[in-house]
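Read the structure below first, then the notes.
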Amino acid sequence: MSEHKSDRKREMHVSIETEDGKTIWGIVFLNDDERLQDILNDERVFLPINTLIQRRKGTATGDQDEYKLTIIKKAFINKIEELQHDKRKYS
């Protein structure tokens, strides 16, 4: 298991294109000093991602997206792109 300098995590919204051509939208968690390419190039074979399962707009408390934990094999990823949280491309 890798050791990290900080236990604090920050969210990064991503779009993932898989080998079979599907697109997955979700959130990866990074240490404060990590970049997306750092977690892609570390020793782990799998990457935990909170994947979007339902997008809800306009609820009384604001947007209430629903996520589930998904573990993806890194070798199955063709492309991963950081999304700006307020400009997410998924609907």
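The Cβ shell under 14 Å around residue 76 holds other residues with a net charge of +2, Lys and Arg each +1, Asp and Glu each -1.
To two decimal places, what compactness ratio does segment 9-84 give when its Cα radius of gyration is scaled by 2.2 N^0.38 Å? Intermediate results must be reported in sequence, preceding the final value.
Details: Rg = 13.1 Å, N = 76, 2.2 N^0.38 = 11.4 Å.
Here the Cα radius of gyration is 1.15 times the empirical estimate.
Packing-wise, with mean Cβ within 10 Å as the measure, how do 29-36, 48-55 rank, highest first? Present the calculation step by step, with values, prior to reporting the outcome.
Values: 29-36: 13.9, 48-55: 15.5.
Averaged packing, sorted descending, gives the order 48-55, 29-36.
Any read-out appearing in this document is the output of simple, stated calculations on the displayed coordinates, not a laboratory observation. Everything quoted here is computed from the prediction, not taken from an experiment. All Cβ positions, glycine included, derive from the backbone under ideal geometry; neighbour counts span all protein chains shown.
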